[in-house]
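Undergrad: Can you keep this structure in mind? I'll have questions shortly.
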Amino acid sequence: MRRNILITGASSGLGAEMARQFAAKGHDLALTARRTERLEALRAELTASYPQIKVAIHSLDVTDHDQVFKVFREVDAELPLDRIVVNAGLGKGAPLGTGRFDANRDTALTNFVGALAQAEAAMELFRARNAGHLVLIASISALRGFPKTVTTYAATKAGLASLGEGLRLELLGKPIKVSTIYPGYIRSEMNERVAHAPFIVDTEPGVRAMVAAIEAEKAKAYVPARPWWPLAQVMRFAPLPLLKRMI
């Protein structure tokens with residue numbers, strides 16, 4: 001059992017629900033986010049429900065790369081980490097060329113460069129002990145290019161998925177495991193304003209599928225498996241006119 005888990009971006013949405021479900025399974029947790037007041041409320045909730053577990057919280061802006069390394073090392077010193085879930089991310093964006101480079105830049109810096117910093121910091125810890133489980137939360141949008149406001153977001157998640165595959169190739173047959181999770185549309189604060197979200201599921205069952213895939217340490221998982229595993233196979237090869245109708 002991976003006893004001690006760090007989850008970034010844990011103050012809301014999928015990260016907060018992952019914390020709840022891992023806590024229910026008896027894991028000790030380290031939770032990070034920029035909004036510590038939400039983390040404090042979540043810690044109080046979890047320790048009241050599961051008094052046997054430890055819950056540490058840390059303020060962390062994943063675009064402050066020096067802080068990422070500092071916080072990961074501090075957490076590991078107090079709670080030796082078995083699993084790190086790279087979850088922090090942004091969903092904002094705009095069609096390219098419409099005057100909102102700032103939104104696309106922030107999404108790219110958080111979702112890919114920030115995730116790269118987290119992966120570097122995690123792997124530094126895992127390589128030192130030759131053990132650990134790195135989990136990268138990508139998106140079903142990582143499979144193909146997406147239009148309009150999702151173009152940059154999808155590109156960052158595709159980059160993250162490629163990062164995970166490169167690490168798995170390097171670590172093949174070794175004790176350090178790397179999982180890439182591709183959630184479909186799961187209700188969260190990030191997508192509450194999205195007008196078109198096919199096959200969307202509620203937060204709790206959607207995250208339950210994510211947690212099951214993480215606990216199984218699957219290399220890649222499309223979640224929930226129905227309908228996203230079969231849809232992923234179609235999306236990979238669909239010609240652009242068909243893809244546009246699908247998404």
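The values are calculated or read from the model by the stated rules, or taken from the named source; none is laboratory data. From a predicted model like this one, the values you see are computed outputs, not experimental measurements. Note that we place each Cβ from the backbone using ideal geometry, even for glycine, and neighbour counts take in every protein chain shown. Keep in mind that these areas ignore ligands, DNA and RNA; they rest on the heavy atoms of the full protein, side chains included. Shrake-Rupley method; radii C 1.70, N 1.55, O 1.52, S 1.80 Å.
Undergrad: Given 0.36 nm per residue, what is the gain on full extension from residue 172 to residue 233 after removing their alpha carbon distance, in nm?
TA: 19.6 nm
Undergrad: Per-residue ellipticity at 222 nm for the chain, helices alone: DSSP H runs ≥ 4 residues times -39500 (n - 2.57), over residue total, nearest 500 deg cm²/dmol?
TA: -15000 deg cm²/dmol
Undergrad: Residue 128 to residue 225: extension gain in nm, 0.36 nm per residue of separation minus the Cα-Cα distance?
TA: 31.5 nm
Undergrad: Can you tell me how much longer the chain between residue 38 and residue 77 gets when fully stretched, taken as 0.36 nm per residue apart minus their C-alpha distance, in nm with one decimal?
TA: Length gained between residue 38 and residue 77: 11.7 nm.
Undergrad: Calculate, for the chain, the solvent-accessible area per residue in square angstrom, rolling a 1.4 angstrom probe over the heavy atoms of the protein chains.
TA: Dividing the accessible area of the chain by its residue count gives 47 Å².
Undergrad: Using a 1.4 Å probe on the protein chains only, how many percent of the accessible area of the chain belongs to carbon and sulfur?
TA: It is 55 percent, rounded to a whole number.
Undergrad: Moving on to the next point. Give the distance, in whole Å, between the Cα centre of the range 91-109 and the Cα centre of the range 7-55.
TA: 30 Å
Undergrad: With each pseudo-label sitting 7 Å past Cα toward Cβ, what's the residue 47-residue 217 distance in nm, one decimal?
TA: If labels sit at residue 47 and residue 217, their model points lie 3.1 nm apart.
Undergrad: With a 10 Å cut-off between alpha carbons and a GNM built on the chain, which of 48, 221, 16 moves the most?
TA: The residue with the greatest mean-square fluctuation here is 48.
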